[in-house]
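In what follows, a structure is listed as structure tokens, so that the remarks can point back to it.
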Amino acid sequence: MRDRPDDLREPELRRALHAWLIDAVEVAHAPVGFGDHHWTATGADGRRWFLTAADLTGKPRHGADADAACQGLRGAMDTAAALRHGGLDFVIAPLTTPRGETVRRVGARYALSVFPFVDGAPGEFGRKPSPGERGRMLDLLARLHRTAPPESTPAHRPELPTRPHLDHMLTATGRPWEGGPYAEPARALVAEHAAALRLRLRRFDDHIRHLEAGGSRPVVTHGEPHPGNVVRSAGRPLLVDWDTVALAPPERDLWLVAEDAADLARYADATGHAPDPVVLALYRLRWALDDVAAFVDYFRSPHAHTPDAELSWESLAATLRWLAADHAGDETAAPA
């Protein structure tokens, strides 16, 4: 996140780092990414680490409350560490404490993970990869999907965890929304696109029924292997942000990487699995609907006119425009 949290400060993080036997002389906020908060830490000898503090109140995929979300996040981080230990060298996994912990609570709201600092070029969400870059990422995903799942791997549920928020949101556009400067504009924008949202939700339900009837074999998936979660180091791609790792159909990853029939054929040759276009469409649509719910929930909560709020507003508007457009069944177009 670009905004610095008011309730989590550097002295508290320095104390938390002692669990990893890290004595940091400097902890600096890193305004990068979206969703979690990040810092860099530096030791007296110049060694550096990358810190991620997850806001447990905003992790519905991991659990309904902070305690459940922390447990779910711990399973994901433990899985990333096991994948790295098992030989997947492209996994940027969290470091463990001497007690074997990948996640530590910091106060009631946050959970901290510590990562090695990787010298490399970070990717950018929304950037269009070249065919060569897509091919290399598909090869990494094929390796991941062929890997036996660690015991800690969370099980993915394809249904929308934010579905109650979406259903409530669509019934609440007739009265004012409060929270901050974007609350009322968000209400008007959702009301304008309400019919398209209801149509997309019905299509999503159809896709879920198709998936359930097909019985696709779940594999270990990253969940969000887009360019923003790729770091290029020493000429090779590495994957970060494994909090979304889960057992799921391979299409959960593939829709974010494959752009044409050649990409899908490359993956099929490597794994023996021919990607299902309807399941690809399901995950493409799921991403967009989940984003709408998250952005609206943000705008109906206390917020100010900040860089994160501005980016969220632009993303909400672009996603609603995508959902309102005709995409011939969602099989080929991607959200903005």
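What follows is calculated from the coordinates using simple rules that are stated; it is not laboratory data. Here the structure is a predicted model, which means the values were calculated and not measured. Methodologically, a virtual Cβ is constructed for each residue, glycine included, from the backbone with ideal geometry; neighbour enumeration extends over all protein chains shown.
With 10 angstrom as the radius, rank Ser301, Ser113, Ser315 by how many other C-beta atoms surround their C-beta, starting from the fewest. Please report the intermediate quantities before stating the final value.
Values: Ser301 13, Ser113 27, Ser315 19.
Going from sparsest to densest Cβ surroundings: Ser301, Ser315, Ser113.
Quick one: plug the Kirkwood hydrodynamic radius of region 10-117 (C-alpha pairs) into Stokes-Einstein at 37 °C, 0.692 mPa s, and report D in µm²/s. Walk me through the numbers on the way to the answer.
Numbers: Rh = 14.2 Å.
The estimated diffusion coefficient comes to 232 µm²/s.
Model label sites at Ala155 and Arg105, defined 7 Å from Cα along the beta-carbon direction, differ in position by 2.6 nm.
Each of Ser233, Ser130, Ser216 has some number of other Cβ atoms within 10 Å of its Cβ, and from fewest to most they run Ser130, Ser233, Ser216.
With 10 angstrom as the radius, rank Phe299, Phe115, Phe125 by how many other C-beta atoms surround their C-beta, starting from the fewest. The partial results should precede the final answer.
Working: Phe299 25, Phe115 20, Phe125 13.
Starting with the residue having the fewest Cβ neighbours, the order is Phe125, Phe115, Phe299.
Using label points projected 7 Å from each Cα along Cα→Cβ, tell me how many nm separate Ala28 and Asp6, to one decimal. Taking the two extended label points, one gets 2.6 nm.
Compute the relative contact order of region 10-117 as a whole-number percentage, counting only Cα pairs closer than 8 Å that sit 6 or more residues apart in sequence. Please list the in-between numbers first.
On the way: 181 pairs, mean separation 25.7, N = 108.
Once normalised by length, the contact order is 24 percent.
For the peptides 139-148, 62-71, the ranking by mean Cβ contacts within 10 Å, running from highest to lowest, is 139-148, 62-71. Using every alpha carbon pair in the chain, what percent of pairs falls into each 20 Å bin from 0 up to the bin containing the largest distance? P(r) over the chain, rounded to whole percents: 29, 60, 11.
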